[in-house]
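Okay, so here's the structure we're looking at.
The values are calculated or read from the model by the stated rules, or taken from the named source; none is laboratory data. These figures come from a predicted structure and were not determined experimentally. As a convention, Cβ positions derive from the backbone with ideal geometry for all residues, glycine included, and neighbour counts pool all protein chains shown. Keep in mind that these areas ignore ligands, DNA and RNA; they rest on the heavy atoms of the full protein, side chains included. Shrake-Rupley method; radii C 1.70, N 1.55, O 1.52, S 1.80 Å.
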Amino acid sequence: MEKIKMDIQALDLFFGKKQVLKNIHLGIGAGKITALIGPSGCGKSTLLRSLNRMHDLHPDARLTGKIMLDDHNILHGNTNVVHLRRRVGMVFQKPNPFPMTVADNVAYGMKINGLHDKPEVRRRIEQCLRSSFLWEEVSGELDKSALDLSGGQQQRLCIARAIAVEPEIILYDEPCSALDPISTSKIEELILSLREKFTQVIVTHNMQQAQRVADYTAFMYLGEVIEFGETQQIFQSPRHELTKNYVAGHFG
Amino acid sequence: MNRRFFWDRFFEKALYGAAWVSVMTLAGIFLLLLYNGAQTFISIAPGDFFSFSRWNPAAYDQPTFGIGAMLVSTLLVTAGAMCITIPLGIGTAAFLSEMASPRLRNVLKPAVEMLAAVPSVVIGFLGIVLVAPALAAAFDLPNGLNALNGAILLGIMALPTMVSVTEDAIHAVPGHYKEASYALGANRWETLVHVTLPACKSGILAATMLALGRALGETMTVLMATGNATSLPHGIFDPVRTITATVAIEMGEVPFDTPHFFSLFACALVLFLITLAVNILAERMAARFRKKGQ
Amino acid sequence: MKKITQLFGFALLLTATLVVLSILGLILFDIVLKGAPVFNWKFLTHFPQKGMTEGGIFPAIFGTTLVTLISTVFAMPLGIGCAVYLNEYAPDNKFTRLIRASVRNLAGVPSIVYGLFGLSIFIQGMGIPPSLLTAGCTLGLLTLPFIIATTEEALRNVPRLTREGALALGATRWECVYSVVLPSAVPGILTGLILALSRAAGETAPILFTGVALYTRYLPASPLDEFMALPYHLYILSTQHHAIEQVRPLAYATAMTLLLVVFLLNFTAFRIRATYKR
């Protein structure tokens, strides 16, 4: 196997007394697209949100085990979460552009990270919007409110906003669940075009989507990773009974 | 990079400080009232203060400091106000939430908010120019500046609170209560009286308590419209002077750090403790109906 | 029989509502009817004359405007700061519960008690002379719980996803609050501030001993000067004046001005709320 970007080792997560993730081991390949699938409530979004420590906002959450990003355990107390989240970006279930202009949305991350050189910011806004296939549609509307864009455009703007801070990893939390099929296929196309440049992890409840975009797929059930392997193998010849039933659509 | 984290920590501390201002203000109010009020009892026996002896602190040879009559006046006016506010408030709230169409409600609710916005001094003014002559004519009195006038005005001032909190309470009643009642063949009125209103009992109590707190602490209206007599009232047509009015009238004229000055703080402390108790009770009740609503 | 009870009962509720409405109607009708004849440009822009029996109320309008602005400048950072702390930072522990309980109980403290507090803290304690500044700060403390409550509500309406979006880009908590959360909450916060202004403008009891004056020959030149205020002026004209019957029309016009100020502020707040409610 190729280089591992993020290595999850013996990860447990508790909300109060309730254990939500159990002994997770998972290696996320550099430059690859990894899908997390499983029935709702299986912990796939919870696992994803552990990878940039979004659970820090939740006072009851307790994580044990290791998540190695390159050679550093991000669960270690001395991790600067602000720096971590710059390296590990995230795209959410519903598009959540900030209530500002299209340009300012993309510039937001650059500005907080200290880039104030206007021509450079402008150049990178264009570059990010091009990379997220949005430039053609919004180049004349950079100063309009991002809230006036369509849902699919908003989600691509959120991806542009994420790549603008040049993260190493991008996490997607069911990014298409609020979108129509055409917008969905554009997002999938976009995710595929970002392959190799970024390490990407996508949570999805849509098995076709996992098959279309992912190099690797992990099937989760009740807080555990049941089976992990190349996408084709998971869907064509699952080894585990539960995986077989799930990918055959017997439960969901 | 370090600057970002410096400001992050700085503002976290600053906001935390701002949050404590409320605690310090409340504690400060209590401690100052206590500190100044307690000094009353250096020169005045507590038994004389909490008595029905006349409130005559400015008397030259023999000043007396009994707050009994003022307490009774305050309670009399407030009780009268509640007699007006409670039925009108519940009736209006029930109308708004059970009878009015959404469009009508969108007109009526701002009207109630408008009533809440009328400054107390304006209500007091109308007490002098409208309510007083009307009372004098209706009950054949020399003038209409008395406890009843104050009660009517305070009733009006407490109405918006009563209406809006009661309405919230009615809305918090789960829909299936009403549906179950309709399914048993009850009509809308029976459902309202036998199911909805009993179900939001604690909410209505909370509304009453909040309205009561509002009426107890109101100053300008009673100062202007109740006649300001310091003697013990014998009925609703007697002129009265409430605790708030006494403080408002006399504080401007007393020299600092005299027994009279301190006694006014003691009066305010009594008032503060009563309203605090009423508000805490209201909070308890409100917490109960909110829990039920979820 | 059931139908008749219901009809009767609903008629009762309707009556209650009509009584409440007619009270409001009566207040507005009486004040506008008797205030309008005196209410004119000259009344709004002139000083009182001949022992307040003639002339206008300009210094009272001026004083009320200044004292309300001072109260807001004083209360705004504290109130918004407290609300931001409670909604964005506060852990669920006993200190937070203490802060919340204090805010709720402050809202129920009688306004005259705020007046005493202002008197003993700002004037007796700090030695500031009774003035715009002391009255403004006292009014500011009075509106503080109100500003906190409305700001908190505005912050609660900002979706959690908006915050997470900023944090996921590597924003610090303060950057998230300052650049994303607060701008989203501006209409709600503004509504609350304007309503607080309107409350401060109408209050009399807290300023009675903290700086309001019966009459000043000149407009206040600094925050440390005494001032005239609309509600206090109305109180004087209607109870303390030597020729009460003679100045009644002036009192009516003053009441009308005060109502106008308060309603205009409320209306502005109402419009902001309606415009930004999506």
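Here are some notes:
- Peptide A:89-102 shows a mean partner chain C-beta count of 4 within 10 Å per residue C-beta.
- When DSSP beta bridges are restricted to pairs lying wholly in the protein assembly as shown, around 60% turn out antiparallel.
- Expressed to the nearest 5 percent, the antiparallel share of DSSP beta bridges inside chain A is 60 percent.
- For C:F267, A:F235, the ranking by accessible surface with the largest value first comes to C:F267, A:F235, using a 1.4 Å probe.
- Taking both sides together, the accessible area buried where A meets C is about 1600 Å² for a 1.4 Å probe.
- Protein accessible surface hidden between B and C, which excludes ligands and nucleic acids, total in Å², probe 1.4 Å: 6700 Å²
- Ranked by the mean number of other Cβ atoms within 10 Å of their residues, highest first, the peptides B:222-228, B:199-205 fall in the order B:222-228, B:199-205.
- Accessible area of the stretch A:7-87 divided out per residue, in Å², using a probe of 1.4 angstrom: 42 Å²
- Solvent-accessible area per residue in the stretch A:147-252 equals 42 Å², computed with a 1.4 angstrom probe and all protein chains kept.
- Heavy-atom accessible area, probed at 1.4 angstrom with all protein chains present, ranks A:R53, C:R100, A:R130, A:R161 as A:R130, C:R100, A:R53, A:R161, highest first.
- In Å², nearest 10: area of B:I280 left accessible to a 1.4 Å probe: 70 Å²
- Area of C:I4 that stays accessible when all protein chains are in place (1.4 Å probe, Å², to 10): 110 Å²
- Nearest-10 value in Å² for the accessible area of C:M126, using the 1.4 Å probe: 120 Å²
- Residues losing 20 Å² or more accessible surface upon assembly, the stretch B:59-95, compared with the chain by itself, 1.4 Å: B:L88, B:G91, B:T92, B:F95
- Calculated mean residue ellipticity, 222 nm, chain B: -23000 deg cm²/dmol, from DSSP H runs (n ≥ 4) at -39500 (n - 2.57) each, averaged per residue and rounded to 500.
- Three-way shape label, chain B, alpha-carbon gyration tensor, a/c 1.5: oblate
- As a fraction of the 1.4 Å probe accessible area of the protein assembly as shown, surface on carbon and sulfur atoms comes out at 61 percent.
- Cβ-derived FRET efficiency at R0 35 Å, B:M99 paired with C:L28, nearest 0.05: 0.90
- Exposure rank, largest accessible area first [C:R160, C:R273, B:R103; 1.4 Å]: B:R103, C:R160, C:R273
- Reachable lysines, given that their alpha-carbon falls under 27 Å from the alpha-carbon of A:K197 and they are not under 8 places away in the same chain: A:K3, A:K5, A:K32, A:K44, A:K66, A:K94, A:K111, A:K118, A:K186
- Peptide B:239-251 shows a mean partner chain C-beta count of 3 within 10 Å per residue C-beta.
- Per residue, the accessible area of chain C comes to 42 Å² when a 1.4 Å probe rolls over the protein heavy atoms.
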